[in-house]
Each structure stands twice: as C-alpha cells, then as structure tokens.
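The values are calculated or read from the model by the stated rules, or taken from the named source; none is laboratory data. A quick note: this is a predicted structure, and the numbers were derived from the prediction, not measured. Cβ placement follows ideal geometry from the backbone for every residue including glycine, while neighbour counts extend to all protein chains displayed. All accessible areas refer to the heavy atoms of the entire protein, side chains included, with ligands and DNA or RNA removed. Shrake-Rupley method; radii C 1.70, N 1.55, O 1.52, S 1.80 Å.
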Amino acid sequence: MEQIAWSVGLADISEDGLSATNLATDNERRAIADALAVTRCDLVFCSYDVKALHGNRFKASGLIRATFEQVCVVTLDPIEQSLEIDLNVEFWPSSQLGSLTEEYDEPDRDDPEPIVDGQLEIGRVVYELLAANIDPYPRSPDAELERSSSNGKGDEPDNPFAVLADLKPATKD
C-alpha cells in the first residue's frame, strides 16, 4: 500500500522548474501511522522545488515537517515527536539507473530514484525519509529506567557466580 500518493508529472515541470507543497490528508496520515506503528500522525507537510538536470534527470529539494504521537518505551506515556527533514533527491530514467558511474558513487550522496511512468514519486520518498528518521525507541524526557538487583541482597553488585556460593558446603574452622 502506498502511504502518500504525491507525484509530479514530467509534463508539469516547466523550464524554470516547479514549486509545490503537499499536506497529507486524514487517510494518508492514518496509513502513515499504521505503517510506522505510531499512535497518531498529526501532520505531514512537504514544500519542495523540482529542477530539470541534464539527461532527462530531475532534482527535488525542500523540507518535510511531521508530527507524531508515540508511546514512551519506559513509561508507556504518550509523547509528541516532531521531525524536520531535508528533502534532497534526484530522479533518473530507469534506463540510466543501471549505469551509475564512479563519479556519482560518493559516500554522502544518495542513490537516485527512478522516474516511474513519467512521474516523480515524491510521496514515496517522503514516506521513506519519515520511516528512516522516526525515533524507534522514544522516551519521555523525564523517563528513567529503574535498575534492580536480581540477587535481592541490596547494594551488592550482580555476580553471575553468586548462586554457586549458596551451593557451597559450609566449612569447619
């Protein structure tokens, strides 16, 4: 299932490029919340510009904003999370993706996305960036995990051999 169905047709991109904004609908936000296993998705907004590059390639750059409600992994209380993610992606014709050159293979550069049926699938990229940037183990700022000793002897440190000491026969002096 595609969570966000935002796409840009190549025919819609002028010589000067294209500026666009998208706001997720209620149905899209529910689908995102389900897919990301969050309690609630309150906002997904993306503002971006698309510019033509050489060789029928395009570059989309902009900003993604999102707010979610997640559950604290320690207290199980709801937590509001906000994300701001830079969108910076190139779209290439599928026929060019198999021939990535060494000049393109830089550590800080993401692989280009395919142009599918004359469309730049911005929504899919936005969803993937949200999934990659959401906190998988959210914690309330004041949440502390209590540590307890498993041997029940208070301040003594846990020792994996403590159980064996109890099995040792008493010695006579």
inquiry  = If I stretch the segment between Gln96 and Leu83 completely, what's the gain in nm (0.36 nm per residue apart, minus their alpha carbon distance), one decimal?
reply    = 1.4 nm
remark   = With a Förster distance of 25 angstrom and the Cβ-Cβ distance between His54 and Ala20, calculated FRET efficiency to the nearest 0.05 equals 0.70
ask   = Largest first, how would Glu113, Glu144 line up by accessible area (1.4 Å probe)?
value = Glu144, Glu113
task = Hey, can you grab everything whose amide H is under 5 Å from the amide H of Ile115? Only 5+ residues off in sequence or another chain; H modelled, so Pro and N-termini drop out.
result = Trp92, Ser94
ask   = Quick one: how many Å² of Tyr127 are accessible to a 1.4 Å probe, rounded to 10?
value = 40 Å²
key: Thr21 accessible area, assembled protein chains, probe 1.4 Å, Å²   = 90 Å²
inquiry  = Whole-Hz ³J(HN,Hα) for each residue in region 86-93, computed from phi via Karplus 6.51 cos²θ - 1.76 cosθ + 1.60 with θ = phi - 60°, x for glycine and proline: what do you get?
reply    = 6, 9, 8, 9, 9, 10, 10, x
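Leaving ligands, DNA and RNA out of it, rank Phe58, Phe68, Phe45 by accessible area with a 1.4 Å probe, largest first.
If we order Phe58, Phe68, Phe45 from most to least accessible, we get Phe45, Phe58, Phe68.
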task = Please turn the phi angles of region 133-141 into ³J(HN,Hα) values with the Karplus equation 6.51 cos²θ - 1.76 cosθ + 1.60 (θ = phi - 60°), one per residue in order, whole Hz, x for glycine and proline.
result = 10, 6, 6, x, 10, x, 10, 4, x
task = State the percentage of accessible surface on region 1-96 attributable to carbon and sulfur atoms; use a 1.4 Å probe and exclude ligands, DNA and RNA.
result = 47 percent
